[in-house]
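*Asks:* I'd like to ask some things about the structure below.
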Amino acid sequence: MTARGWVLPVAVLLGFVFLYAPIVSLVVFSFNDSRLVTVWGGFSTRWYGELLRDRQILGAAWVSLQVAFASATIATVIGTLAAFVLTRFGSFTGRLLLTGMATAPLVMPEVITGLSLLLLFVSMELTLGWPAGRGLTTVIIAHTTFCAAFVAVIAQSRLRDMDESLEEAARDLGAGPVRVFFDVTLPVIAPALVSGWLLAFTLSLDDLVIASFVSGPGASTLPMVVFSKIRLGVSPDINALATIIIAVVVIAVVIAGLLLRRSARP
């Protein structure tokens, strides 16, 4: 084998080692019996039991799932409507403003987004009396704000690639705009909307910075709790939590791959 022939496999191998070696070590040490995460004390599943008895972690996980599901669903609706308006309504007054508002969260630093939303909620509470303090509602609104931008981009790209003659044919047959959207447009762009929802769900579940600004007592998300714990040192139960999340992601990816393979068969 020539030098050029083995360089690529070695580079790929080193790349995979660089990416996945830390994850593999984390999974291995989640079964460590020792309280010290860097010292192997024998195989044990004790930290998984400790994790299941940790009410703070379980409560934060439930809050994160609630926030992620609600914000992803609302963001999908808002992002789809924004994408539809931008791709199907041509030029109109305020188009540039809508485009900027739909894409600004993509490039805005999360610190700026979180701080601006915090100031907005404080001002609204002083003038309108709502929201009364920071909690689950403010976190959902904040996550919806930046997740909708990602959904809008995905839906917009799919709408641009869609064959508009399908919509024109439905209108020629007497279907109104609403029925054309629900009977023709929506089924065609449904895979893109599912992808956008999953991306929004993941972004919300993973967010730490914005949630730290807009959350309050009783609304601490899982990343916030994990971050507060690791500031005092990584504990083995955090390794167990990360391993469970990795297992869920791997299972979801495998199921998605099997479904895609099955749908691709003639």
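Rule-based calculations on the coordinates, nothing more; no lab input. These numbers were taken from a predicted model, which means no experiment stands behind them. Virtual Cβ from ideal backbone geometry, glycine too; neighbours counted across all protein chains shown.
*Asks:* How high is the relative contact order of the chain, given as a whole-number percent (alpha carbon pairs under 8 Å, six or more residues apart)?
*Replies:* Values: 281 pairs, mean separation 81.8, N = 266.
Here the relative contact order equals 31 percent.
*Asks:* While we're here: In nm, to one decimal, how far is the modelled label at Asp33 from the one at Val250, with both set 7 Å along Cα→Cβ?
*Replies:* 2.4
*Asks:* Would you be so kind as to identify which of Gly90, Leu106, Val249 lies farthest towards the positive end of the dipole of the chain, taking Lys and Arg as +1 and Asp and Glu as -1 on Cβ and the Cα centre as origin?
*Replies:* My answer, from the dipole projection, is Val249.
*Asks:* While we're here: Which of the three applies to region 1-98, rounded, prolate or oblate, going by the alpha-carbon gyration tensor with a ≥ b ≥ c and a/c under 1.5 meaning rounded?
*Replies:* Details: a/c = 5.35, a/b = 1.38, b/c = 3.87.
Since a/c reaches 1.5 but b/c is at least a/b, the shape of region 1-98 is classed as oblate.
*Asks:* Would you give the gap between the C-alpha center of region 149-182 and the C-alpha center of region 199-229, rounded to a whole Å?
*Replies:* Region 149-182 and region 199-229 have Cα centres separated by 35 Å.
*Asks:* Calculated from DSSP H runs of 4 or more alone, at -39500 (n - 2.57) each and per residue, what is the 222 nm mean residue ellipticity of the chain, nearest 500?
*Replies:* After summing the helix terms and dividing by residue count, I get -25500 deg cm²/dmol.
*Asks:* Once you put a point 7 Å from the Cα of Phe16 and another 7 Å from the Cα of Phe43, both along the Cβ direction, what distance in nm separates them?
*Replies:* The answer from the label model is 2.4 nm.
*Asks:* For the chain, modelled as a Gaussian network with Cα springs under 10 Å, which listed residue fluctuates most, Val77, Val37, Val17?
*Replies:* Val17
*Asks:* Also: Quick one: length gained pulling Arg160 to Leu259 fully straight, 0.36 nm per residue minus the C-alpha distance? Kindly include the intermediate steps, with their values, before the conclusion.
*Replies:* Details: separation 99, 0.36 × 99 = 35.64 nm, distance 2.60 nm.
This chain segment gains 33.0 nm when fully extended.
*Asks:* How far, in nm, would the chain grow between Leu126 and Phe227 when pulled straight, counting 0.36 nm per residue and subtracting the alpha carbon separation?
*Replies:* Numbers: separation 101, 0.36 × 101 = 36.36 nm, distance 3.08 nm.
Net length gain for the segment: 33.3 nm.
*Asks:* Quick one: grab the alpha carbon gyration tensor of region 59-222, order the square roots of its eigenvalues as a ≥ b ≥ c, and give me rounded if a/c is under 1.5, else prolate or oblate depending on whether a/b is larger than b/c. It would help to have the intermediate numbers written out before the result.
*Replies:* Working: a/c = 2.44, a/b = 1.93, b/c = 1.26.
It is prolate, given that a/c is not under 1.5 and a/b is the larger ratio.
*Asks:* Right, something else. Mind checking the full-extension length gain between Leu96 and Asp183? Use 0.36 nm per residue of separation minus the Cα-Cα distance, one decimal, nm.
*Replies:* 28.4 nm
*Asks:* Assigning unit charges at the beta carbon (Lys, Arg +1; Asp, Glu -1) and nothing else, what dipole magnitude in debye, to the nearest 20, does the chain show about its Cα centre? Each step should come with its number before you reach the end.
*Replies:* Details: 17 positive and 15 negative charges, 91 e Å.
Its charge dipole is roughly 440 debye.
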